[in-house]
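The values are calculated or read from the model by the stated rules, or taken from the named source; none is laboratory data. Values in this document were obtained by computation on a predicted structure and should not be read as measured data. As a convention, Cβ positions derive from the backbone with ideal geometry for all residues, glycine included, and neighbour counts pool all protein chains shown.
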Amino acid sequence: MDALDPVVLARLQFAANITFHILFPTISIAMGWFLLFFKTRFVATGAQYWMDAYQFWVKIFALTFALGVVSGITISFQFGTNWPGFMNTVGNVAGPLLAYEVLTAFFLEATFLGIMLFGRGRVSEGGHTLATWLVALGTTASAFWILALNSWMHTPAGFEMVNGQAHVTSWMEVIFNPSFPYRFSHMLLASGLTGSFLLAGISAYRWLKDDRAPEVMASLRTGVMVAAVLIPVQIMVGDLHGLNTLHHQPAKLAAMEGIWETQRGVPAVLFAIPDQTTESNRYEIAIPKLASLYLTHDWNGEVQGIKAFGDKHPPVGPVFWAFRIMVGVGLLMLAVSWFASYELVFKRALSRRTAMVLVAMTFAGWVALVSGWYVTEIGRQPWLVYGVLTTAQAASTVPARNIALSLAMYLTLYAALLSAYVSVVFYLAKKAVHGGEEPQMNTRGLRHV
């Protein structure tokens, strides 16, 4: 495939934009609910350390929310510049869903974010708690509409094609399409895990700086315990999502598993180097019949191979490896969260080594999330809307050199912003150690030093 092909470059540009953007809403969704938890615990117990935790993490939430909003704008521009065929063909479906996201979710977040950030002491305690709840609700509602559209692109339903354009016949079928329940729940759990490890990692960083304040320990315990509970649930939901993919997108599933031939008693490929030229796996290590068992719940169940789909299958290597990175990081997160929970609950003390591991895995959720997103999106190729519109059909005629230039600019900017974001998060944690020099909030919301 020609690297200067404008379609390839447009795909790379959109991938760069969505990869950068998705990092921040993922944290915002989880952090909104963590902040609500901290606030309600403060209201219920009157313990100041819950409010101290709230005041620290609300800064990170605000920074994350801002970057999420700004990075999302560039994505909407690309619908018109790089992918005009998308809106021309399915705009009757995509347009309203994107509008619902703005009207019901973003406006809700933006309206009450100011009260959440600056209103304490100016509105009643109950009013401030309500604002926090509405912001958390808004972040989740935003994910609802975006995932409804994304899921529809994978498993389109509730529409008919008239003169080459999609027209809705049932909004209920469009929104609650066959893959939506699995994709939405899988994404929310991924958000919760990403937020949990951020919470645990930054708290462990402060712990290693000898900051053992109650707010630090409360945040640390919350992050570790939530992660320990959510990961087994995510594994179960992921299995259900995989079965749904087998039914509706079997080519993607075949690429994920590295299955080339349609067969019964399919082995689970643990390691291989997929070779698309020879349509085979090199250096394969596999467990006989295991894939048939977890995919069909039958040791001798039949699974379609990649060859069965002709040229209508995704690139195997990226999907195969992204899936294994996602699973591998997920299992590592499971082990770390359970071991850290064991130390906190039974030993009532966190070891220095465990704290260092938690710090190293502060953004591990991002790695698993992006890998899983690549499995989903690359695995849909060559379709943009599965079975309806191919990626090539939706692409614009913008010259390759123009796309390449803007892509280079995006990558440079995103690398700088991502580095700055991580640095600021750890800077805020460092400044918060022993109170730092950061001005604090008293119980009436008045600043003092």
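Take LEU407 and tell me if it is at pLDDT below 90 and part of a loop (DSSP other than H, G, I, E, B). Spell out how you get there, then give the answer.
Values: at pLDDT below 90: yes; part of a loop (DSSP other than H, G, I, E, B): no.
Answer is no for this residue.
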*Does any residue in the stretch 340-353 that is within 16 Å of GLY201 (Cα to Cα) and touching a residue at least 12 places away in the same chain (Cβ under 8 Å) come within less than 8 Å, Cβ to Cβ, of a residue that is surrounded by 12 or more Cβ atoms within 10 Å (Cβ to Cβ) and of a type in the set (Lys, Arg) six or more places away or on a different chain, and which pairs are these?*
LEU344/ARG221
*Out of the residues in the stretch 271-295 that are β-branched (Val, Ile, Thr) and in a strand (DSSP E or B), state the one that is surrounded by the most Cβ atoms within 10 Å (Cβ to Cβ).*
ILE273
*Kindly provide the set of residues from the stretch 97-142 that are surrounded by 14 or more Cβ atoms within 10 Å (Cβ to Cβ) and among the charged types (D, E, K, R), ordered by number.*
GLU101, GLU109, ARG120, GLU125
*Residue list for the stretch 250-291, restricted to those being within 25 Å of TYR386 (Cα to Cα), touching a residue at least 12 places away in the same chain (Cβ under 8 Å) and not hydrophobic (A, V, I, L, M, F, W, C)*: PRO250, LYS252, GLU257, GLY258, GLU261, THR262, GLN263, PRO274, GLN276, GLU279
_Test set (1) surrounded by 22 or more Cβ atoms within 10 Å (Cβ to Cβ); (2) closer than 27 Å to LEU35 by Cβ - TRP152 fails condition number_ = (2)
*Have a look at ALA131, ALA157 and point out the one that is touching a Phe, Trp or Tyr at 6+ places or on another chain (Cβ under 6 Å) and of a type outside the set (S, T, N, Q).*
ALA131
*Just checking, how many residues over the stretch 203-249 are within 19 Å of the chain's Cα centre (by Cα), over 19 Å from ALA268 (Cβ atoms) and without any contact (Cβ under 8 Å) to a residue 24 or more places away in the chain?*
1
*Among the candidates LEU12, LEU4, residue that is touching a helix residue (DSSP H, G or I) at 6+ places or on another chain (Cβ under 9 Å), over 28 Å from LEU189 (Cβ atoms), touching a residue at least 60 places away in the same chain (Cβ under 8 Å) and not in a helix (DSSP H, G or I)*: LEU4
_Subset of the stretch 44-91 [loosely packed, with under 15 Cβ neighbours inside 10 Å and in contact with a strand residue (DSSP E or B) (Cβ under 8 Å, 6 or more places away or on another chain)]_ = ASN88
*Given (1) surrounded by fewer than 18 Cβ atoms within 10 Å (Cβ to Cβ); (2) touching a His at 6+ places or on another chain (Cβ under 8 Å), index of the condition GLN249 fails*: (1)
*Residues of the stretch 311-335 being of a type in the set (Val, Ile, Thr) and touching a residue at least 60 places away in the same chain (Cβ under 8 Å), which ones?*
VAL316, VAL319
